[in-house]
Amino acid sequence: MAVADSSLTAPDSPPASSSQLTSPPPRPTWVEISRSALINNVHRLRTLAAGRQFMAVVKANAYGHGALLAAPVLVEAGVDWFAVATLQEALELREGGIHLPILVLGYTPGHQAAEAAQQQITLTLYDDETATAMNRAAAFVGRPLPVHIKVNTGMNRLGLQPEAVVSFLGRLRSKTWLTVGGIFTHFATSDLADKRYALEQFARFSHTLAAAERAGLRPRLAHAANTAALLTLPETHLDLVRSGIALYGLAPDMDDTPLPAGFRPALRWFTSVAHLLHLAPGEPVSYGGEWVAQRPTVAAVLPVGYADGFPRRPFTWGSVLVRGKAAPILGRVCMDQTVIDVTDVVAATGPLRLDEPVVLLGPSGEQTLTAEEISVRVGTNNYDLVCRIAARVPRLLVA
């Protein structure tokens, strides 16, 4: 029978850890976002952009980092624009005090354009029906609506075909409540070592821009470069560059497009020891009893689970870090709790304490769990991994 560790007591003061917090977090599972890392990464990206306008992509809650936490820091660091995926994300930034231009990269129904016009949020546009609806909505509220035109050069998601762009721009002249301030495309393969398809896309876009220029219809801002193109294809930088993943110190692709030296991950994810158990050989752990102790085992219960974005299936994190040492996950990850094996940690470093910090992402002692490493274990990529961290996990800004 499992026996609780009677020596596990609340510490008189928080135990030492790699966390920068000076007071207890609002929940024993939390994320820390480094202000200095964000600023460092923006400055390095702006140097690569060589004077172009700089758009910070903060969609999906700033790739899981907390948009309302990160955006003011990015403003301080000198970004010119923000980009999001939905109008709701843009409105949250406006409500949070962000006054810089914001581009909604995704589809926005025409009936939502009135609110966008009132808040001067730039929408993506690529078809006549939506243009008519947006123009009508902007006229209704009496405020012009800024738009950027999306061109499909080979990603084959949203956007006009290149040959349709000039005539579309011409028709927009009659939509007097729409202000066409930009035109853009998106690369499908710029993060790969083989840049041929990305360069084909850029050639199509460049041809489109030249045709619009000859017709006197080229919008002021043309942009194509995402993070990977910003890093590797300077010829695509045009008037404005867009960066998302590298803002947060994560690589567009671990193998083909790593980050240059000097970038720093902005996110660290922590949880805490909530309980300790001593398991005898033969005792199971968690739902289904899939893991069974083969030796006397010290197990620690952590208040983190798949509802926090700590995955259950098909693959788990594998292990976490406690006092700089790997601690394997035991059995199934539950909705709100996970059990780990700390037998070797205790043997090497002594008994654990209640609220002992446990590192899910980031450094602990001489070891580090990176988003890239964990994404391989989980079977995804670093974008998906950090975006999964649930909203109920508090984000805290640290130095």
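The values are calculated or read from the model by the stated rules, or taken from the named source; none is laboratory data. Keep in mind that what you see is a predicted model, and the values were worked out from it rather than measured. Reconstructed Cβ throughout: ideal geometry from the backbone, glycine too, with neighbour counts over all protein chains shown.
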Fill in: Output for the range 100-125, where each listed residue is more than 19 Å from Arg242 (Cα to Cα) and of a type outside the set (A, V, I, L, M)
Thr108, Pro109, Gly110, His111, Gln112, Glu115, Gln118, Gln119, Gln120
Item to complete: Please specify each residue of the range 191-208 satisfying the condition of being crowded, with 21+ Cβ neighbours inside 10 Å and in contact with a strand residue (DSSP E or B) (Cβ under 8 Å, 6 or more places away or on another chain).
Response: Asp191, Phe205, Thr208
Worksheet item: Are any residues in the range 298-317 hydroxyl-bearing (Ser, Thr, Tyr) and at pLDDT 95 or above, and if so, which ones?
Response: Tyr306
Worksheet item: Is it true that some residue in the range 263-273 is charged (D, E, K, R), part of a strand (DSSP E or B) and touching a Gly at 6+ places or on another chain (Cβ under 9 Å)?
Response: yes
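Residue by residue, here is whether (1) crowded, with 19+ Cβ neighbours inside 10 Å; (2) farther than 30 Å from Leu247 by Cβ holds:
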| site | (1), (2) |
| --- | --- |
| Val320 | yes, no |
| Ala326 | no, no |
| Met335 | no, yes |
| Ile340 | yes, yes |
| Thr349 | no, yes |
| Leu354 | no, yes |
| Val376 | no, no |
| Val398 | no, no |
Worksheet item: Among the residues of the range 133-158 satisfying the criterion of being under 31 Å from the mean Cα position of the chain (by Cα) and buried (at least 22 other Cβ atoms within 10 Å of the Cβ), which is nearest to Ala116 (Cα to Cα)?
Response: Leu145
Worksheet, complete the sentence: Residue hits (the range 1-50; at pLDDT 85 or above, more than 23 Å from Val398 (Cα to Cα) and part of a loop (DSSP other than H, G, I, E, B)) are Ala50
Practice prompt. Taking Arg35 as meeting all but one of (1) crowded, with 20+ Cβ neighbours inside 10 Å; (2) over 18 Å from Ala371 (Cβ atoms), write down the number of the exception.
Written response: (1)
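In the range 285-323, what count of residues is obtained for those that are over 26 Å from the mean Cα position of the chain (by Cα) and in contact (Cβ under 8 Å) with a residue 12 or more places away in the chain?
Initially, the range 285-323 is screened for residues over 26 Å from the mean Cα position of the chain (by Cα), giving 285-301, 323.
If we keep only those that are in contact (Cβ under 8 Å) with a residue 12 or more places away in the chain as well, we get 285-291, 293-301, 323.
The number of residues fulfilling the criteria is 17.
Is the range 137-150 home to any residue that is aromatic (Phe, Trp, Tyr) and within 27 Å of Asp256 (Cα to Cα)?
Quick first cut of the range 137-150, residues aromatic (Phe, Trp, Tyr) only: 140.
Add one more test, that the residue is within 27 Å of Asp256 (Cα to Cα), and what stays is none.
No; the residues of the range 137-150 include none that is aromatic (Phe, Trp, Tyr) and within 27 Å of Asp256 (Cα to Cα).
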Practice prompt. State yes or no: is Ala261 of a type outside the set (Lys, Arg), modelled with pLDDT of 95 or more and in the same structural domain as Glu163 (by TED's automatic domain parsing)?
Written response: no
